[in-house]
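Asks: Dropping a structure here in structure tokens format, bear with me for questions.
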Amino acid sequence: MPEQNKPTVSVAAGKGGTGKTLFATSLAVALNEVNPGQVQLIDCDVEEPNADILLHPQITQQTPVNVLVPEVDLDICTRCGQCAKHCQFSAIAVIRDAVLTFPDLCAACGVCAYVCPTGAITEVNRQVGSVAHGSTVQGIKFVQGRLSVGDQRATPVTKATGSQTDDSMITILDAPPGTACPMQETIEFSDYCILVTEPTPFGLANLEDSVATCQRMGIPCGVVINRDQAGWPGVEDYCAGEGIDILLRIPQDRQIAEAYARGETLADAFPQWRDELVRVYNDVVEALLQTATTKVKE
Amino acid sequence: MRVAVASSGDDLDAPVDMRLGRCANIIVVETDTMNFEVYSNPGALAGTGAGVAAAQVVADAGAEAVIAGNFGINSLRAFSNGGITAYIGSGTVRQAVQALLDDELEAVE
């Protein structure tokens, strides 16, 4: 792998509260210990960003995220209704003499302006979120997207946040929970997806969805089992059957939970975990190299 | 007067639907003759924007008033801006229209 192009790793999970952010921030802290100033953590969970609680970054810059919405010049508009007829989201309506836009329903596709025969519609910016930039005291570059309160379309903000991925750095993307558009938008920026799960039937059900999503998108994935404890072998049996690597097991441990509740990562609270976390990243790099080699041979 | 009524059926004896946005059909009644036209509601299966889609049908059909069991904020915004009065109604389509003509229905602000 050339020095200029370091693999980007996303951290995802089928449900919230599994340990994505704890693992992603811990990984960033551990990697920054051995690669100071070369690690970037991007919090793409724009509906509920919280990686800052564990990394305590200083935010130095905020950039707005805008989408285009229609603005109608009522003096030019003939009320022909073509815009409303073509809008797939009912984000514009012509009710007798009134022309109404519904920005929160708009997908910013621009078809209304395209079909308008008189050019009465222009597309204007509307802010739907923001991206914060900063860094931690230890020098981790920190990026965090945030959807504006009251807005419902996370994907444009997720995309603007994930696009801050810097290939010259070791980038960790903290993905939103689930397997819907915002998660897919996030992992699309990554070379490899680490799926955090719990050793329970519920965890497995969500893991299966996440694995299927990665496979459909052609993104290699491995598994971290959080709150690991003896008892139910379902997740391990599934991974063995599918040939998916289990990269790490984080035990069910009250001390870890207490450190997390204090706002400390695994790597900060328990330095003995750092080597293991770095090893996980190295395993991912190794797996990617092998895949690349296999592809070249084919 | 032309009155649009949200309904789960397709004639005057069908029930008024509880929700404008998700009703199956919008029945437009000419109150002088009680003749009616049935428009299927594109909002019934829409992911979002159901109320706006239904309101557009009501407006395009030339109705001056609309009756449903309830309205969402988007359709009410459309009706109030477009000068179409929205009324809460129940029973059958015929009963709801009669109630409107008898001045028994309450307009929604």
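The values are calculated or read from the model by the stated rules, or taken from the named source; none is laboratory data. Since the model is a prediction, treat every value here as computed from it, not as a measurement. Cβ: placed from backbone, ideal geometry, glycine included. Neighbour counts: every protein chain shown. Only protein heavy atoms, including side chains, enter the accessible area calculation; ligands, DNA and RNA are left aside. Shrake-Rupley method; radii C 1.70, N 1.55, O 1.52, S 1.80 Å.
Asks: Restricting the search to the range A:49-104, which residues are surrounded by fewer than 19 Cβ atoms within 10 Å (Cβ to Cβ), β-branched (Val, Ile, Thr) and in contact with a Phe, Trp or Tyr (Cβ under 9 Å, 6 or more places away or on another chain)?
Replies: A:Ile59
Asks: Provide a single number: the residues in the range A:155-190 that are in contact with a Pro (Cβ under 7 Å, 6 or more places away or on another chain), open to solvent by 20 Å² or more (accessible area, probe 1.4 Å) and closer than 15 Å to A:Arg216 by Cβ.
Replies: 0
Asks: Further, regarding this structure: The conditions are (1) of a type in the set (Ser, Thr, Tyr); (2) in contact with a strand residue (DSSP E or B) (Cβ under 9 Å, 6 or more places away or on another chain); (3) open to solvent by 20 Å² or more (accessible area, probe 1.4 Å), and A:Thr118 fails exactly one of them. Which is it?
Replies: So the condition that A:Thr118 fails would be (2).
Asks: Quick check on the range B:53-88: of everything there that is of a type in the set (Val, Ile, Thr) and out of contact with any Lys or Arg (no Cβ under 9 Å at 6 or more places or on another chain), which residue is farthest from the other protein chains (Cβ to nearest Cβ)?
Replies: Applying the filter and picking the extreme gives B:Ile88.
Asks: Listed residues A:Thr78, A:Thr60; which is of a type in the set (Ser, Thr, Tyr), closer than 30 Å to A:His133 by Cα and away from chain B (no Cβ under 14 Å)?
Replies: It is A:Thr60.
Asks: Would you mind stating whether A:Ala93 is outside the structural domain of A:Ser163 (by TED's automatic domain parsing) and hydrophobic (A, V, I, L, M, F, W, C)?
Replies: Taking the combined requirement at face value, the residue satisfies it.
Residues checked against (1) more than 30 Å from A:Thr122 (Cα to Cα); (2) not in a strand (DSSP E or B):
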position	(1), (2)
A:Asn5	yes, yes
A:Val9	yes, no
A:Thr18	yes, yes
A:Phe23	yes, yes
A:Pro49	yes, yes
A:Asn66	no, no
A:Cys77	no, yes
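Asks: For A:Ile140, all conditions in the list (1) touching a residue at least 60 places away in the same chain (Cβ under 8 Å); (2) closer than 24 Å to A:Met183 by Cα; (3) open to solvent by 10 Å² or more (accessible area, probe 1.4 Å); (4) more than 17 Å from the chain's Cα centre (by Cα) hold save one; what is the number of the exception?
Replies: Checking A:Ile140 against (1) touching a residue at least 60 places away in the same chain (Cβ under 8 Å); (2) closer than 24 Å to A:Met183 by Cα; (3) open to solvent by 10 Å² or more (accessible area, probe 1.4 Å); (4) more than 17 Å from the chain's Cα centre (by Cα), the one that fails is (3).
Asks: Can you tell me which residues in the range A:175-209 are assigned to a strand (DSSP E or B) and touching a Phe, Trp or Tyr at 6+ places or on another chain (Cβ under 9 Å)?
Replies: Answer for the range A:175-209, where residues must be assigned to a strand (DSSP E or B) and touching a Phe, Trp or Tyr at 6+ places or on another chain (Cβ under 9 Å): A:Ile194, A:Val196.
Asks: Determine the pairs where a residue that is touching a residue at least 60 places away in the same chain (Cβ under 8 Å), located within the range A:95-124, has a partner that is among the polar types (S, T, N, Q) and outside any helix (DSSP H, G or I) with Cβ atoms under 7 Å apart, the partner being 6 or more residues away or on another chain.
Replies: So the pair list comes out empty.
Asks: Just to be sure before I move on: is A:Gly150 at pLDDT 95 or above, open to solvent by 10 Å² or more (accessible area, probe 1.4 Å) and assigned to a loop (DSSP other than H, G, I, E, B) in the structure I sent?
Replies: Against the criterion (at pLDDT 95 or above, open to solvent by 10 Å² or more (accessible area, probe 1.4 Å) and assigned to a loop (DSSP other than H, G, I, E, B)), A:Gly150 does not qualify.
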